[in-house]
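**Student:** My questions will all concern the structure given below.
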Amino acid sequence: MYGTEMCKVEDSDRDKKKSKKRRFVIVGAMGLKNLSEIRVEKLKNYSIVNAKSPKMKMWLIRGITSVLLWTCFVQLTALSGGGGSGSWGPRVLKGWPSCFTHDFNSNSASLDVKFLHNLPAKILPPKRVYKNNGYLVVSCNGGLNQMRSAICDMVAIARYLNVTLIVPELDKTSFWADPSEFEDIFDVDHFITSLRDEVRVLKQLPPRLKKRVELGIVHTMPPVSWSDISYYHNQILPLIQKYKVVHLNRTDARLANNGQPLELQKLRCRVNFGALRFTTQIEELGRRVVKLLRQNGPFLVLHLRYEMDMLAFSGCTQGCNDEEVEELTRMRYAYPWWKEKIINSDLKRKDGLCPLTPEETALTLKALDIDRDIQIYIAAGEIYGGKRRMDTLADAYPKLVRKETLLGADDLQYFQNHSSQMAALDYLVSLESDIFVPTYDGNMAKVVEGHRRFLGFKKTILLDRRVLVELIDKYTSGSLSWDEFSIAVTDTHAQRMGNPTKRLVISDKPKEEDYFYANPEECLQPSDDEPMSIL
């Protein structure tokens, strides 16, 4: 049970010097206590109230009416929730969105999340009742979208283990050094209430346990990467039951892409597409940017991941001068959690493991016959090399825009030095674009790709960088004419437009298989259904 309902009735006698107080406590159940016992107990307690005062009679009538109404509500809840050992908890309406109903199928997945997203604020799903096995505290690591997928995983894990999840802590020590808290980016109240029929989420630990954690008396560990849910049941749950609180200090890619229960996969989707709603401030600004773009026709979002951190991390230095190569190398050695230090940039590029440069991107878009006059929104931070590296792309596509050029300084003042909040804005605009083109398959590219699939398989051009760099080198060396180059690029990407497809599964190499959040096929609606908009 999550709480109790307390009613206090006081009866004072004005003719006596000392007032006598009677207090009665009525314990409200969440669908588990015998309802007839509750009703009898309430009526019995109310019957002994001194009702000589007209005012007290009025309060007595109101109290009894409230009790009867509440009893009817709980009975309806219990009836609609179903029974049996397989019940995941009561629901007021049989059709209430949940990933764990037995009749939940791929056709209803997105509709359920859409319904949940648009619920009036005052309508809440009934709490799921379960024996709490303990508390799970998690510290996410990485950028916004790496943390986003991790939060989805942690909710699913907490649900499966029947534990209480504490609102996840976001990374503040990575390269971006963003001080944002969870509630600065996501609507925390919506996150908690929208999931309450599946898992209990609290903003903080109960005081006694919180003090223990603050004193360092807590079991902290990183879970094993790409683990099956059985690992959490067999290894993590016993620790939670033993210590009451377990702190997971790494959350990136800690749950396997494939081979998980269907209900768990659907819950990962429900969190991603329904529960993780951005704050009102971010969503309103996102709507504003989209409106400004739409006023001038269709637009393409280019996730140009040619930023300093990515180049330093990947070791990719194509087009950089000697000074820039040295700067990037120093940065790579400065961050101990970037394990790979000695990198051959040329070999990595030929293997398709480097982000496309702005110059390579311009050639690719032209070869794909992207209209020169289309608006291109750059969803990225500062491009490494600045104007010098962007000139070629700007010449090919003069309608390049960024959030900084569409919005005034006052609009973005609260987002400055908060890279995750900036990334959230880019995320929203990316979802709404007519075409989305990522130049590297990082976390944002993958999560946006999966979300656009969920919204109706919106056009997402998934660039084959290994083939592209080979074709680009042949074209620039004169081995291919422009027509030959353009035809080859177009043919290569004919089936790489975000269309329905099966995830590639490589059981012994999870890093090389398709990412669950890039193609959550268990949750996707038929491609001919009406796409859903969240803006």
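The values are calculated or read from the model by the stated rules, or taken from the named source; none is laboratory data. A quick note: this is a predicted structure, and the numbers were derived from the prediction, not measured. Methodologically, a virtual Cβ is constructed for each residue, glycine included, from the backbone with ideal geometry; neighbour enumeration extends over all protein chains shown. Protein only, heavy atoms only, side chains kept; ligands, DNA and RNA dropped before computing areas. Shrake-Rupley method; radii C 1.70, N 1.55, O 1.52, S 1.80 Å.
**Student:** For region 148-260, which whole percent of the accessible surface, found with a 1.4 angstrom probe, sits on carbon and sulfur atoms?
**Tutor:** Carbon-and-sulfur percentage of accessible area, whole number: 52.
**Student:** How would you order 288-294, 349-355, 449-455, 213-219 from highest to lowest mean count of nearby Cβ atoms within 10 Å?
**Tutor:** The packing order, highest mean first, is 449-455, 349-355, 288-294, 213-219.
**Student:** Among 230-243, 357-370, 334-347, how do they line up by average Cβ neighbours within 10 Å per residue, starting with the highest?
**Tutor:** The densest-packed peptide leads the list: 357-370, 230-243, 334-347.
**Student:** What whole-number distance in Å separates the alpha-carbon centres of region 372-442 and region 275-341?
**Tutor:** Answer, in whole Å: 9.
**Student:** Taking a probe of 1.4 angstrom, what is the accessible area of Ile229 in Å², to the nearest 10?
**Tutor:** 10 Å²
**Student:** What does the extension gain come out to for Val224 and Glu382, with contour length at 0.36 nm per residue minus their alpha carbon separation?
**Tutor:** Length gained, Val224 through Glu382: 53.5 nm.
**Student:** Still on this structure: If r is the Cβ-Cβ distance from Gln416 to Asn296 and R0 is 30 Å, what FRET efficiency results, to the nearest 0.05?
**Tutor:** 0.70
**Student:** I would also like to ask the following. Determine, for each peptide in 176-182, 250-256, 435-441, the mean count of other beta carbons within 10 angstrom over its residues, then list the peptides with the highest first.
**Tutor:** 435-441, 250-256, 176-182
**Student:** Could you work out the Kirkwood radius for region 384-444, taking every pair of different alpha carbons, averaging 1/r and inverting it, reported in Å?
**Tutor:** 13.6 Å
**Student:** What Kirkwood hydrodynamic radius do you get for region 219-287 when you take the inverse of the mean 1/r over all pairs of distinct Cα atoms, in Å?
**Tutor:** Evaluated on region 219-287, it is 14.3 Å.
**Student:** Ok, one more. Dividing the alpha-carbon Rg of region 431-508 by 2.2 N^0.38 Å yields what?
**Tutor:** 1.27
**Student:** While we're here: Do any of Lys291/Lys459; Lys291/Lys446; Lys348/Lys387; Lys387/Lys509; Lys403/Lys509; Lys244/Lys509 go past 31 Å between their Cα atoms, and which?
**Tutor:** Lys387/Lys509; Lys403/Lys509; Lys244/Lys509
**Student:** Separate question: How would region 171-244 be classified by its alpha-carbon gyration tensor: rounded, prolate or oblate, with rounded meaning a/c under 1.5 and the a/b versus b/c comparison settling the rest?
**Tutor:** rounded
**Student:** Here is a further query. On each of the three principal axes of the Cα atoms of region 257-306, give max minus min coordinate, whole Å, ordered largest first.
**Tutor:** 45, 28, 22
**Student:** Note down the net charge around Tyr397, summing +1 for each Lys or Arg and -1 for each Asp or Glu among other residues with Cβ under 12 Å from its Cβ.
**Tutor:** -1
**Student:** Treat each spin label as a single point 7 Å out from the Cα along the C-beta direction, and report the Lys210 to Trp338 distance in nm.
**Tutor:** With each label point 7 Å from Cα toward Cβ, the separation is 3.8 nm.
**Student:** Oh, and also: Any idea of Tyr130's accessible area? Nearest 10 Å², probe 1.4 Å.
**Tutor:** Answer for Tyr130: close to 20 Å² accessible.
**Student:** Check the straight Cα-Cα distances from Lys399 and name the aspartates and glutamates below 17 Å, setting aside those fewer than 8 residues away within the same chain.
**Tutor:** Glu359, Asp369, Asp371, Asp373, Asp391, Asp434
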